[in-house]
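**Q** One structure, pasted below without further comment.
The values are calculated or read from the model by the stated rules, or taken from the named source; none is laboratory data. Fair warning: this is a prediction, and the values are worked out from it, not measured in the lab. A quick note on method: Cβ atoms are made from the backbone with ideal geometry, for glycine too, and the neighbour counts reach across all protein chains shown.
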Amino acid sequence: MSSAFRKISRVGSLTGGTKWYLSEDCLLAAKRTMYAVEYRRFYLRDLQYIMVWPSRWWRWRLIIFAVLLAALGVSLWQWVNSTAGAIFSSAALAWVGLELALGPTARSSIRTTGTTIDLPLVKRTRRARKVLARIDAAVQATRGMIEPPAAPASIPSPAEPHVQTRSEASATAAIAAATETNGS
């Protein structure tokens, strides 16, 4: 039997990570920490927004590791040999290139009718558009299945045309608008 849930994203970490699954009526987050798994279900009809933004620590992550690798490369170049220094210096350049190519890391927040949850939806902001488009399509499909309220029945017009004065016309329009608003 096939599962109704489709995996749309995963964000790993050293101690576990979060996997996101999408079904016809809900979004499921499976957060794994070491040996425990915590599940959170977000019904698509209750979603108010999902916000993804670039993490401010992304630049620091880029700079700190690149500087450490470059400093190690320069010190190895001077005190050990040029081959070891060249390896670590090129690793620093490769790190900077890779981080710039992948783009900024992301943070995310999910707001439902009852609460706001901060869970990582995607690792990088670059992938966020694709994942959010899939979620948006599912939300639109779920909310599209809910039928809008029935339109109020129209009042048949009389057979004979009736000439109205300006005050009668505005009063009639106000009553018709009130009738449509009340649904009577």
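**Q** Restrict the check to the stretch 119-140 and report whether at least one residue is at pLDDT below 80, of a type in the set (S, T, N, Q), surrounded by 10 or more Cβ atoms within 10 Å (Cβ to Cβ) and outside any loop (DSSP other than H, G, I, E, B).
**A** no
**Q** Would you pick out the residues in the stretch 1-16 that are over 17 Å from the mean Cα position of the chain (by Cα) and either at pLDDT 90 or above or not in a strand (DSSP E or B) (or both)?
**A** Matches in the stretch 1-16: M1, S2, S3, A4, F5, L14, T15.
Matching residues to (1) of a type in the set (D, E); (2) surrounded by 14 or more Cβ atoms within 10 Å (Cβ to Cβ); (3) in contact with a helix residue (DSSP H, G or I) (Cβ under 7 Å, 6 or more places away or on another chain):
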position: R6; (1), (2), (3): no, no, no
position: S9; (1), (2), (3): no, yes, yes
position: S13; (1), (2), (3): no, no, no
position: T18; (1), (2), (3): no, yes, no
position: A30; (1), (2), (3): no, yes, no
position: P54; (1), (2), (3): no, yes, yes
position: L69; (1), (2), (3): no, yes, yes
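**Q** Taking the stretch 18-34 only, how many residues are in contact (Cβ under 8 Å) with a residue 40 or more places away in the chain and either assigned to a strand (DSSP E or B) or among the aliphatic types (A, V, I, L, M) (or both)?
**A** Within the stretch 18-34, residues that are in contact (Cβ under 8 Å) with a residue 40 or more places away in the chain and either assigned to a strand (DSSP E or B) or among the aliphatic types (A, V, I, L, M) (or both) number 6.
**Q** Could I ask something else about it? Considering only the stretch 35-81, state which residues are closer than 25 Å to R10 by Cβ, outside any helix (DSSP H, G or I) and hydrophobic (A, V, I, L, M, F, W, C).
**A** The answer is A36, V37, F42, L47, I50, M51, V52, W53, W57.
**Q** Scan the stretch 141-151 and tell me whether some residue there is surrounded by 10 or more Cβ atoms within 10 Å (Cβ to Cβ), out of contact with any helix residue (DSSP H, G or I) (no Cβ under 8 Å at 6 or more places or on another chain) and at pLDDT 80 or above.
**A** Yes; the residues of the stretch 141-151 include at least one that is surrounded by 10 or more Cβ atoms within 10 Å (Cβ to Cβ), out of contact with any helix residue (DSSP H, G or I) (no Cβ under 8 Å at 6 or more places or on another chain) and at pLDDT 80 or above.
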